[in-house]
1. Are there any pairs, at least 6 apart or on different chains, whose C-beta atoms fall under 7 Å, with the first in region 118-131 and outside any loop (DSSP other than H, G, I, E, B) and the second basic (Lys, Arg), and if so, which?
2. Can you tell me which residue in region 60-70 is modelled with the lowest pLDDT, limited to those that are in a loop (DSSP other than H, G, I, E, B) and loosely packed, with under 11 Cβ neighbours inside 10 Å?
3. Return yes or no: is residue 73 in contact with a strand residue (DSSP E or B) (Cβ under 9 Å, 6 or more places away or on another chain), at pLDDT 90 or above, over 22 Å from residue 16 (Cβ atoms) and assigned to a strand (DSSP E or B)?
4. Which of the residues spanning region 19-48 are modelled with pLDDT of 75 or more and either over 15 Å from the mean Cα position of the chain (by Cα) or in a loop (DSSP other than H, G, I, E, B) (or both)?
5. Test residue 145 against the criterion of being at pLDDT below 55 and either closer than 21 Å to residue 33 by Cβ or out of contact with any Pro (no Cβ under 7 Å at 6 or more places or on another chain) (or both), and give yes or no.
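The values are calculated or read from the model by the stated rules, or taken from the named source; none is laboratory data. Because the structure is predicted, anything quoted here is derived from the model rather than measured. So basically every Cβ, Gly included, is an ideal-geometry build from the backbone, and we count neighbours across all protein chains shown.
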Amino acid sequence: MLFLAGNWLAAETVTFSHVKIHRHHSPKGHRLADREGVLTFDDANRQITFHNAMHDRFDEEIKFEAAYDNVIKVVFDSTTHIRGEGKWTALNFVSTAGVIVASAIGAKNVQDNWLYLEYKQGDHTERVLLMLPNDTPSNVEQEAADRFGGRVVVKRLS
């Protein structure tokens, strides 16, 4: 009994805000939708969860829960791209200053940090793709490594 009480007291809940989930907009569609939410490592309940932080009556609640023991694979990866110049081209027509601003904004490299998670849900496997905020990937990697050990793969940009 004392052992169980000690484990319960040592259990922690770690959360990461501003995480985005990428998913299909509808079960039959190919269009992707992003929703921002909170990623939680819940040691007391031994599960990892995500839920969108802000939803209203026009937006459904998006949530997943996976028991630590049901997690099959955790992959951390990153990609780079040039910030979309298309949306900044309208500034080119405003003025000479607009051309300078649009060029500076559009020419920056952006790094995206991804977390791919596979877990067992009943008799099938679920897959989740999350985009991590730029200030948290190493913290999330450490939390995942502490809980999932050899099931974690980290791929780095070369």
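1. 118/73; 118/127; 130/20; 131/20
2. 60
3. It is false that residue 73 is in contact with a strand residue (DSSP E or B) (Cβ under 9 Å, 6 or more places away or on another chain), at pLDDT 90 or above, over 22 Å from residue 16 (Cβ atoms) and assigned to a strand (DSSP E or B).
4. 42, 43, 44, 45, 46, 47
5. Here the answer is no, as residue 145 does not meet what is asked.
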